[in-house]
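Below is one structure, written out as structure tokens; comments come after it.
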2 protein chains.
Amino acid sequence: MTQDSLQNLPPIVDGRQSETALKVQRGCMRFLRAQHDITCFAEVPLANGRRADLLGVTPKGEIWIVEIKSSLEDFRVDQKWPEYHEFCDRFFFAKPPELAAEIFPESEGLIVADGHGADMIRPSGLDKMAPARRKTLMIKLARLGADRIHSLMDPGPSAL
Amino acid sequence: MTQDSLQNLPPIVDGRQSETALKVQRGCMRFLRAQHDITCFAEVPLANGRRADLLGVTPKGEIWIVEIKSSLEDFRVDQKWPEYHEFCDRFFFAKPPELAAEIFPESEGLIVADGHGADMIRPSGLDKMAPARRKTLMIKLARLGADRIHSLMDPGPSAL
């Protein structure tokens, strides 16, 4: 990604993702909204110190986490993805079309995405979160959304 | 507000508010974030058909609604503000400095704000929401935030 194209991105994109990962992110978010009525946050910090690439909320408050892997290396270096499970009801990997589906564990959901859209290759089983953790997470998400929008609306002083 | 200044506003501002109301909104949001660690959404549609001018979420999930009144007329024409109470734990009016505090009912909280900040003239009593309504609202807020950010990140097709 060139410096110039980075500058054209909206301020919410932090520039740490690869161009491939950004395309997968965009396609996944469109797909989840259009096909599953799931609204997604990108880059959600979790209480265990990890960041979820995508975290979606269904109309009934079910939480889906999608971990984007843009290359085999990207998948191999992450040994800690099972830690996402305690913060969601369903978990998926998402991959670009050129990456083989076989590298991902069959126990997890799988989405294939490009910059325009996505499709679900394998659904995820339901593994419901603890109610107290869901409640805490939902408050955090409401506050995260409000705070991100506020920072975009008013980049001025946040303290008086 | 001139056409030119409207064009300089971020896309989240819908242009229906007066310039005075926008200043009060901005000052209130800064104040609530800086002084009370409350993250605010602007223009939140509620299940009863009303829109909250500002709806804030505390770290513990308490909900504050702030109704902005930029003029005496603005306050007088609204007979239905008590309907906000069922969707929040604390309710406040917010006014610009030039508007008399005495026009507002003493039973409600009151904030004075300009475009830079705000101050609380009168606190609001706590009138806790029904738990089921709070739970539903928190899911709606999480989804509202995600959806607004998504639309800013990706103004492209939302359907495949």
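Results, tabulated for the structure shown:
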item	result
Residues located in the stretch B:131-160, provided they are open to solvent by 50 Å² or more (accessible area, probe 1.4 Å), among the small types (Gly, Ala, Ser) and within 7 Å of another protein chain (Cβ to nearest Cβ)	B:Ser158, B:Ala159
Complete set of residues in the stretch A:115-130 that are more than 10 Å from every other protein chain (Cβ to nearest Cβ) and out of contact with any Cys (no Cβ under 7 Å at 6 or more places or on another chain)	A:Met120, A:Ile121, A:Arg122, A:Pro123, A:Ser124, A:Gly125, A:Leu126, A:Asp127, A:Lys128, A:Ala130
Selected residue (criterion: farthest from A:Ala52 (Cα to Cα)) from residues of the stretch A:111-125 that are open to solvent by 70 Å² or more (accessible area, probe 1.4 Å) and free of Cβ contacts under 8 Å to residues at least 40 places away in the same chain	A:Ile121
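The values are calculated or read from the model by the stated rules, or taken from the named source; none is laboratory data. As the structure is a prediction and not an experimental result, all values here were calculated from the model. Note: ideal-geometry Cβ built from the backbone for every residue, glycine included; neighbour counts use all protein chains shown. Heads up: the accessible areas ignore ligands, DNA and RNA and are worked out on the full protein's heavy atoms, side chains in. Shrake-Rupley method; radii C 1.70, N 1.55, O 1.52, S 1.80 Å.
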